[in-house]
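Please treat every number below as a calculation from the coordinates, not as lab data. Since the model is a prediction, treat every value here as computed from it, not as a measurement. We place every Cβ from the backbone using ideal geometry, glycine too, and count neighbours over all the protein chains shown.
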Amino acid sequence: MRIVLIGPPGAGKGTQAQRQGQQLGIPQISTGDMLRATRRASSALGEQLRELMDAGNLVPDELILELVAERLQQSDCASGYLLDGFPRTLGQAEGMRLRNINIDQVVQIDIGEDELVKRLSGRWSHPASGRVYHQLFNPPQRPGIDDESGEPLVQREDDQADAVRHRLSVFHEHTKPLLDFYQRWSQTGGPRFSVINGSGDLDAVTQRLADTLKPQ
Ligand code: ADP
Ligand code: AMP
């Protein structure tokens, strides 16, 4: 199954993609995680990514499309994938069509902005695996330490209040139009489109997502 998760920063895309990916036996493809791995390089590209991402701006469509198209060629994607954070613009959705990157279902994770700010200010991540925690809502067993690897957790530069505000406005301007686009397309033979409520308990959201992914 080929799935796209769309929602504002902090909606729980990464958390839920990890859980469903394990359940369904398909990889979570997070463009944010892929870019964070690339930006560590001391190259001109690394420098460009650090500047754009720390400020909460999107990276250019062409670059993301190249990165995703290459990743989807790998053998673990043969029976499906869960796209987390991609596409994020109409240009990226159009680029997918041109490159024959097909999807079966698009799920919008809907959530109020007050909750997002609380979630992002307490987020801690394990960069190597993409596992995410929250200091109150989903704490690791030992503060600041990843449960599985024992390695240190980090807080993201773009989870600072200014960058969060900007990322929310970027979501409204560039990503929200995608929701209309997919909803309309679903009525004329495109991928199935559904909306789930992303607020409340982590397990409750996982169940809602699992229910909406069931064949209908
Ligand atoms: P996204 O990938 O959409 O930016 P994340 O999955 O990284 O969002 O979640 C953002 C933060 O919110 C993380 O700290 C995560 O642990 C926490 N979180 C995710 N889902 C929930 C939930 N249902 N209730 C409370 N906190 C949550
Ligand atoms: P995320 O981990 O999904 O919150 O993404 C973190 C940052 O990576 C974003 O604020 C963007 O700078 C960049 N990014 C991730 N995915 C995309 C995408 N599909 N298009 C453009 N920029 C992206």
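Compute the distance in nm between two label points, each set 7 Å from the Cα along the Cα-to-Cβ direction, one at residue 212 and one at residue 154.
3.1
Please list, ordered by chain and number, the residues whose modelled amide H lies under 5 Å from the amide H of residue 145; skip anything fewer than 5 residues away on the same chain.
For residue 145, the qualifying residues are 153.
Taking the Cα of residue 173, stepping 7 Å toward and past its beta carbon, and measuring to each backbone N in the stretch 38-63: which are under 16 Å?
Taking a point 7 Å out along Cα→Cβ of residue 173, the residues of the stretch 38-63 whose backbone N falls under 16 Å are 52-61.
Whole-Hz ³J(HN,Hα) for each residue in the stretch 199-216, computed from phi via Karplus 6.51 cos²θ - 1.76 cosθ + 1.60 with θ = phi - 60°, x for glycine and proline: what do you get?
Calculated HN-Hα couplings, in order: 8, x, 3, 3, 5, 5, 5, 4, 5, 4, 5, 4, 5, 6, 8, 5, x, 10 Hz.
Determine the dipole magnitude for the chain: charges of +1 sit on the beta-carbon of Lys and Arg, -1 on that of Asp and Glu, nothing else is charged, the reference point is the Cα centre, and the result goes in debye to the nearest 20.
Values: 24 positive and 29 negative charges, 75 e Å.
It comes to approximately 360 debye.
Can you give the translational diffusion coefficient of the stretch 49-198 in µm²/s, computed by Stokes-Einstein from the Kirkwood radius over Cα pairs at 37 °C and 0.692 mPa s?
Values: Rh = 17.3 Å.
For these conditions, the coefficient is 189 µm²/s.
Given the rule -39500 (n - 2.57) for each run of at least 4 DSSP H residues, summed and divided by the residues of the chain, what is its mean residue ellipticity at 222 nm, to the nearest 500 deg cm²/dmol? Mind showing how you got there, number by number?
Working: 9 runs with 95 residues, N = 216.
The helix-only estimate for the chain comes to -13000 deg cm²/dmol at 222 nm.
Less than 16 Å apart at the alpha-carbon level, and either on another chain or at least 8 residues along: which lysines does that give for residue 13?
118, 176
In nm, what is the difference between 0.36 nm times the number of residues separating residue 37 and residue 147 and their Cα-Cα distance? Before the final figure, lay out each step's value.
On the way: separation 110, 0.36 × 110 = 39.60 nm, distance 2.06 nm.
37.5 nm is the gain from fully extending residue 37 to residue 147.
Taking a cut-off of 16 Å between Cα atoms, list the aspartates and glutamates near residue 214, but don't count ones fewer than 8 places away on the same chain.
104
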